[in-house]
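The values are calculated or read from the model by the stated rules, or taken from the named source; none is laboratory data. Predicted model, so just to flag it, every value in this text is computed and none were measured. In this analysis, Cβ positions are derived from the backbone assuming ideal geometry, glycine residues included, and neighbour counts consider all displayed protein chains. SASA here: full protein model, heavy atoms, side chains in, ligands and nucleic acids out. Shrake-Rupley method; radii C 1.70, N 1.55, O 1.52, S 1.80 Å.
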Amino acid sequence: MAGNQAVFLDRDGTLIEEVGYLDRPERVALFPWSTDAIRALNRAGLRVIMVTNQSGIARGFFTAEVVDAVHARIAAVLAEGGAAVDAYYYCPHHPDGKVREYARVCDCRKPGRGLVDRAVREFGVDPEQSFAVGDRWLDVALARAVGAKGVLVRTGYGATEEHQPPAGLVADAVVNNLVEAASWVLMNR
Ligand SMILES: [Mg+2]
Ligand SMILES: [Zn+2]
């Protein structure tokens, strides 16, 4: 069972500090509890799949290579603490982008389910046994779209978002940060 369970993990404002468009790996700052949270999920046997919208690529603010370098930096910091994200998936698209190859409507921009479907193909995870964790309502909407449970964290935009829920959207849990989210996941899996 555990091998089919995943946490679809938002990046900015959830695993690392929200800094606007993150255009250099040197600007990566994990929250102090992030490594502990990911390691706990690793040890429990859940897949940890990052799913992040990076429309800055389509907008021409930074390249896909920069995003890859950011993820390599995150992986290195996590590895120092014995933690690992199983896959780093991102959506590079935006309908209003300037970079032609990425300027389009897609199914992988959250709350679209394209990145979750990729995890189903590549890891055999079962979305209905899984969780989405993030600081925006679109992360909860992703959970709803795929039949997962949705956890909103109050880091990043979360403290503001908490009080501005879109009509009809309710989180399964609202917690202070990623380590609390990991605890909630492990108690509600
Ligand atoms: Mg976020
Ligand atoms: Zn996309």
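Distance between the pseudo-spin-label points of Asp117 and Ala44 (7 Å out from Cα toward the beta carbon): 2.8 nm. Just checking the listed ones, Thr35, Thr63, Thr52: in the Gaussian network model of the chain with Cα springs under 10 Å, the one fluctuating most is Thr63.
With R₀ set to 35 Å, the beta-carbon distance separating Asp36 from Glu128 gives a calculated FRET efficiency near 0.80. Over all other residues within a Cβ to Cβ distance under 14 Å of Gly56, the charged ones net out to 0, with Lys and Arg as +1 and Asp and Glu as -1. Per-residue Karplus couplings for the range 64-76, computed as 6.51 cos²θ - 1.76 cosθ + 1.60 with θ equal to phi - 60°, are listed in order as 4, 5, 5, 4, 4, 5, 4, 5, 5, 5, 4, 4, 5 Hz, Gly and Pro entered as x. Taking the chain, the Cys residues with no second Cys beta-carbon under 4.7 angstrom are Cys106. Taking only alpha carbon atoms, the chain gives an Rg to Rh ratio of 0.94, where Rh is the Kirkwood radius. Solvent exposure of Asp86, expressed as accessible area, is near 60 Å², computed with a probe of 1.4 Å over the protein chains only.
In this structure His94 has an accessible area near 20 Å², from a 1.4 Å probe over the protein heavy atoms.
In the context of the full set of protein chains, residues of the chain present 45 Å² of accessible surface per residue (probe radius 1.4 Å, heavy atoms only).
Return the carbon/sulfur percentage of the accessible area of the chain, one whole number, probe 1.4 Å, all protein chains in place.
Values: 4100 of 8480 Å².
So the carbon and sulfur contribution to the accessible surface is 48 percent.
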